[in-house]
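In what follows, a single structure is set out as structure tokens and then discussed.
The values are calculated or read from the model by the stated rules, or taken from the named source; none is laboratory data. These numbers come from a predicted model, not from an experiment. Cβ sites come from the backbone with ideal geometry, for glycine too, and all protein chains shown count toward neighbours.
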Amino acid sequence: MERVSSRQQLDRRALCELIGPLDASSSQPLYRQVQRGLRQAIDRRLLGPDDALPGERDLAEDLRVSRITVRKALDGLVADGLLIRRHGSGNFVAGRVEKNFAALTSFSEDMRARGRVPHSVFLKRAEGTVTPEEALALGLSPGTRVLRFHRLRSADDAPMAIEYATVVASALATGLDAVESSLYEALERHGHRPVRALQRLRAVLLSGPQASLLKARAGDAGLLVERIGLLRDGRPVEMSHSYYRGDTYDVVAELSAP
């Protein structure tokens, strides 16, 4: 077993006491009992945001269960967004992300600023003509070409948001392949990064398909952020609708008196 400090040993003992004792004869599986105890530890702040959990082997030894039981318990908490698994580092308590509405930053920039690794999975990547809704929001004429990027955005392998973005095609001369991970970085490379934006925030309930992608439950609280990004000359260049898990995001803004 890896050698730990006395403070870590104290935390492990306290954590073990909170989780246990486990009852092998209970109708509730052992991994569920471990999950329940870890949830309580997080709720009671025995484990705080970004705290590292003991290793799976240590937890298994402390609780006198198999590593398979511990792994199954942790997998469920990762899927629920309570834990983040960082490859090569272990499991950490997920911290809520503060999204500052006073700063125009991309999802990738927000995550990197918090020491997390952003990742995107493209759900759809297509070129077409502008829809009536897009034409109205972006001030475009009928028939104008646009690029659409639908992505699942994750941080440290934990799903955080579903983003539906539409970009004026002329802003990305190299087309759909211009966007690899960050849309704003691609726009910046092409000289068309927004310098200001109009944003609207709404509370929503996640639909079944949205919840499935975000590893939440249908009807869970979510945040919908609608954004129109504007160039320096005031022309809209992109619009997006992003659905965030309500249990992972806090929205903050700095206000000043007139």
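Quick look at the values:
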| read-out | value |
| --- | --- |
| Residue among D80, D75 that is modelled with pLDDT under 85, surrounded by fewer than 18 Cβ atoms within 10 Å (Cβ to Cβ) and under 22 Å from Q33 (Cβ atoms) | D80 |
| Where a residue in the range 123-135 is within 17 Å of P236 (Cβ to Cβ) and its partner, wherever it lies, is exposed (fewer than 13 other Cβ atoms within 10 Å of the Cβ), with Cβ under 9 Å and at least six apart | T129/P142; T129/G143; V130/S141; V130/P142; V130/G143; P132/P142; A135/S141; A135/P142 |
| Residue among V130, V168, V146 that alone is touching a Leu at 6+ places or on another chain (Cβ under 6 Å), modelled with pLDDT of 95 or more and β-branched (V, I, T) | V130 |
| Residues of the range 110-129 satisfying the condition of being of a type in the set (S, T, N, Q) and farther than 18 Å from A178 by Cβ | T129 |
| Residue that is farthest from the chain's Cα centre (by Cα) [pool: residues in the range 104-123 that are part of a loop (DSSP other than H, G, I, E, B) and loosely packed, with under 15 Cβ neighbours inside 10 Å] | T105 |
| Residues that are over 24 Å from A94 (Cβ atoms) and of a type in the set (G, A, S), drawn from the range 147-188 | A165, A169, S170, A171, A173, G175, A178, A186 |
| Neighbours by Cβ (under 8 Å, 6+ apart or cross-chain): first from the range 43-71, within 16 Å of V93 (Cβ to Cβ) and of a type in the set (D, E); second at pLDDT 80 or above and in a helix (DSSP H, G or I) | E56/R67; E56/V70; E56/R71; E56/L74 |
| Check on D233, more than 16 Å from the chain's Cα centre (by Cα) and either of a type in the set (K, R) or assigned by TED's automatic domain parsing to the domain that holds E109 (or both) | yes |
| In the range 72-96, the residues that are among the small types (G, A, S) and either touching a residue at least 60 places away in the same chain (Cβ under 8 Å) or more than 19 Å from L46 (Cα to Cα) (or both) | G76, A79, G81, G88, S89, A94 |
| Strands (runs of 3 or more DSSP E) fully within the range 181-258 counting 1 or more residues that are surrounded by 13 or more Cβ atoms within 10 Å (Cβ to Cβ), among the polar types (S, T, N, Q) and in contact (Cβ under 8 Å) with a residue 24 or more places away in the chain | 196-205, 236-245 |
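Listed here are the residues, each with its yes/no results for (1) of a type outside the set (F, W, Y); (2) modelled with pLDDT of 90 or more; (3) crowded, with 16+ Cβ neighbours inside 10 Å; (4) assigned to a loop (DSSP other than H, G, I, E, B).
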position: M1; (1), (2), (3), (4): yes, no, no, yes
position: Q8; (1), (2), (3), (4): yes, no, no, no
position: R13; (1), (2), (3), (4): yes, no, no, no
position: C16; (1), (2), (3), (4): yes, no, yes, no
position: A24; (1), (2), (3), (4): yes, no, no, yes
position: L38; (1), (2), (3), (4): yes, no, yes, no
position: L47; (1), (2), (3), (4): yes, no, yes, yes
position: D58; (1), (2), (3), (4): yes, no, yes, no
position: I68; (1), (2), (3), (4): yes, yes, no, no
